[in-house]
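Only the coordinates and a few stated rules stand behind these numbers; no lab work does. Everything numeric in this text was worked out from a predicted model, so none of it was measured. Because the Cβ atoms are built from the backbone with ideal geometry, glycine has one as well, and the counts that use them run over all protein chains shown.
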Amino acid sequence: MSTATIRHFLVDTDLTQAEQTEVLDLAAAMKADRYGYHPYAGPQTVAVFFDKTSTRTRVSFAAGVAELGGQPLIINPGESQLGHKESIADSARVLGRMVSTIVWRTYAQAGLEEMATHSRVPVINSLSDEYHPCQLLADLLTVREHKGKLAGLSMAYLGDAANNMANSYLLAGVTAGMHVRIAGPAGHLPDEAVVAAARDRGAETGGTVTITSDPSEALSGVDVVATDTWVSMGQEDEKAERVKLFGRYRVDEAAMALAAPEAIVLHCLPAYREYEIAAEVIDGDQSVVWDEAENRLHAQKALMAWLMASSGLAAAPSLEEGARR
Ligand code: CP
């Protein structure tokens with residue numbers, strides 16, 4: 001039996017800069033040879049739990065596990081005992097004897113940490129209230145494809161800067177050595193603990209952090225512009241108030257005029273045109289959102305293969321053509 005420590009991916013900083021690069025390199029190789037890697041041959045099963053709705057995450061994990069030679073088991077809200085009729089710890093103990101990886105979209109980050117503590121297989125955060133690290137792997141892969149590098153680039157996120165996407169842009173961006181600028185209204189900025197963690201990681205990678213309520217400061221000459229919905233899951237009753245609050249942070253043509261001329265635009269989707277992003281921007285030449293959505297598949301396949309290998313549960317995947325399992 002392997003004595004390797006089981007690796008999980010619960011927050012963006014669970015990967016060092018070098019490890020993040022390994023996953024992105026593997027994602028690029030897997031994108032070039034989509035059906036050539038089979039770390040879940042058997043087929044082994046990956047349990048994918050959803051406590052919230054999803055299109056991209058659900059489909060990309062289902063397709064990705066199948067393409068890796070495995071079998072995805074999708075468990076929708078209300079279909080299991082997890083967290084309500086059975087403790088997370090007991091669920092983790094049982095699942096680890098049946099499946100090779102656990103993927104979970106849930107509310108509290110603490111639940112994922114509890115799952116990982118008691119799991120003998122990798123646990124992946126496929127969105128929590130605090131972080132969306134799988135999305136950021138896809139975003140970074142997309143930026144690298146379009147810009148040829150990550151370290152040294154500037155990236156601005158505008159809008160609800162206290163949400164899971166803002167936190168993950170901050171942590172994943174500085175891990176990649178990027179200069180991350182987060183802009184949102186006072187009271188809707190990242191938690192101090194997240195900012196401190198980002199600054200600590202930036203001290204190792206050369207990445208920097210700017211937190212501001214001035215959208216112009218965030219946008220000035222920036223290489224990458226990102227935004228997200230102003231009304232996240234569970235905030236629907238506050239829509240009118242939030243639209244008024246975040247209006248200054250809309251990514252429209254006036255905002256893009258402040259960015260670098262060759263800047264690209266990211267949005268994790270689903271998007272609400274004329275709220276957080278103008279139709280002419282998301283549907284325009286600078287938008288790379290469809291590449292970004294596709295890259296969920298490739299980035300998550302690479303992440304799963306990397307976690308399995310790093311945990312001693314599968315052979316290390318090769319980047320060499322013709323040497324793949
Ligand atoms: N971006 C994203 O996570 O999309 P879904 O909510 O559709 O999975």
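Expressed as an acute angle from 0 to 90° and rounded to the nearest 10, what is the orientation of the C-alpha long axis of helix 192-205 relative to the principal long axis of the chain? It is inclined by approximately 80 degrees.
Could you state the number of Å between the C-alpha centres of segment 24-73 and segment 183-221? Distance between centres, Cα-based: 32 Å. If you add up the charges near residue 275, with Lys and Arg at +1 and Asp and Glu at -1, over every other residue whose beta carbon is less than 10 angstrom from its beta carbon, what do you get? Result for the local shell: +2. Axis of helix 56-67 versus longest Cα principal axis of the chain: the two differ by about 40°, to the nearest ten degrees. Given their separation in residues at 0.36 nm each and the Cα-Cα distance between them, residue 97 and residue 52 gain 13.7 nm when the chain is fully extended. Each Lys or Arg adds one and each Asp or Glu takes one away; over the other residues whose Cβ falls under 15 Å from the Cβ of residue 7, this sums to -4.
The Kirkwood hydrodynamic radius of segment 222-325, based on inverse pair distances between different Cα atoms, is 16.3 Å. Full extension of the chain between residue 244 and residue 200 gives 12.4 nm of extra length, using 0.36 nm per residue less the Cα-Cα distance. Principal axis extents of the Cα atoms in the chain, from largest to smallest and rounded to whole angstrom, are 56, 47, 35. Taking a spot 7 Å from the Cα of residue 32 along the direction of its beta carbon, which residues of segment 301-320 have an amide N less than 18 Å from it? Within reach of a label on residue 32, which here means backbone N under 18 Å from a point 7 Å along Cα→Cβ, segment 301-320 contributes 301-303, 306, 317-320. As a rough guide to protection, the peptides 71-84, 252-265 ranked by mean Cβ packing within 10 Å, highest first, stand as 252-265, 71-84. Between the helical axis of 133-147 and the longest alpha-carbon principal axis of the chain there is an angle of about 60 degrees.
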